Structures are given as C-alpha cells and as structure tokens.
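Reviewing the structure listed below.
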Amino acid sequence: MQIGKIEHYNIRTEKLADTVRFYTDVLGFRNGPRPGNPPAHTGAWLFNEEGTPVVHVTAFSRDDPERMKWVNEYLGHRDLDSLKGSGSIDHVAFSGLGYDEMVARCRALDVPVRERFVQALNLRQIFVTDPNGISIELNYYGD
C-alpha cells in the first residue's frame, strides 16, 4: 500500500471573496470550474499552474440555515468557532519557483511575509497567512 502526494485541502469559510482573492492574487492560482457547476457563491476550486485544483473553498453563512445544513451534511459538522486558523494543522506547504518575484508580489499587495533560509537544504522559505488565518509555507529549493 502507498499514499501519494497531497491532492488538495479544503477551507470552510465565511470569507469567500477574500479567500479567493488571496489565493489568486498572492499565490497566483486560477479560480476554475467545479464539478456540477454549483453556484459561484457556494465556493471555489483554485488551480495551480499544472491545472490541479489544490485548494477547495467551501463557503457558508451563519445566516443561511439551508447552506449550513448542506455544508454540515456534506463535510461533517464543525463548531463554527473552531474555523479560524489552521486548527490542529500548523501550516500547508507548496513548492515554488521565483522566490524574489513572490516576495515582491507579497510586498506590493501588503501581505506580511516571514522569510527563512534552511542552509542544510539550500532552501529559502516564505510564510504568509491567508484571510482565514491559515499559515502557508512556500518552499524554494536552490532558487
């Protein structure tokens, strides 16, 4: 038995527009089609340059009981107050190319960046936080 690479992660959010904007404007993902063409206000699939939908976004509103019911039935019930930050997951990491361009993009968009260098791996890292408080690590090997 073998487990392969991560397929995607899902964000359950009340901040759909801000979340999509962060992943498209900052990380350069593309907002693309979702199976069954559900309404745009219910979520998004965000694709990397290879065409893989690596971030799924599920929107909810505390003021929409029907939507809340569907989300809880489909994804499982979660305490709404627990939907901040990464929960038990500390961060999500992506590999990247173009370290200097990413730092410049973040600064131009006023996105705070924390930079780190891991000498033993010849690895430069950038840490950013999405609108939901999820920490994103971007890894640039030998870049």
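Every number in this text was worked out from the coordinates using simple rules, so none of it is lab data. As the structure is a computational prediction, the values presented were derived from the model and not from experiment. Cβ: placed from backbone, ideal geometry, glycine included. Neighbour counts: every protein chain shown.
Straight-distance candidates among the lysines for linking to K69, with alpha-carbon spacing under 25 Å and chain neighbours fewer than 8 residues away dropped: K15, K84. In this Cβ point-charge picture (+1 for Lys and Arg, -1 for Asp and Glu), the chain has a dipole of about 60 debye about its Cα centre.
Between the beta carbons of A40 and S86, assuming R0 = 22 Å, the FRET efficiency works out to 0.30 to the nearest 0.05.
For K84, K5, the sequence from fewest to most other C-beta atoms within 10 Å is K5, K84. Packing order of peptides 123-129, 101-107, highest average first: 123-129, 101-107 (average count of other Cβ atoms within 10 Å over each peptide's residues).
Ranked for footprinting exposure by Cβ neighbours inside 10 Å, fewest first, Y141, Y99, Y74 give Y74, Y141, Y99. Antiparallel beta bridges, as assigned by DSSP with both residues in the chain, represent about 70 percent of the total such bridges.
Using the reciprocal of the averaged 1/r over all distinct C-alpha pairs, how large is the Kirkwood radius of region 15-85 in Å? Computed over region 15-85, the radius equals 13.1 Å. Note on H56 and M68: the extension gain reaches 2.6 nm, defined as 0.36 nm multiplied by sequence separation minus the Cα-Cα distance.
Once both labels are positioned 7 Å from their Cα atoms along Cα-to-Cβ, the gap between R21 and L109 label points is 1.1 nm. Looking at region 1-71, the DSSP beta bridges with both ends there are about 60 percent antiparallel.
Between V118 and L75, the simple label model (points 7 Å from Cα in the Cβ direction) yields a spacing of 2.8 nm.
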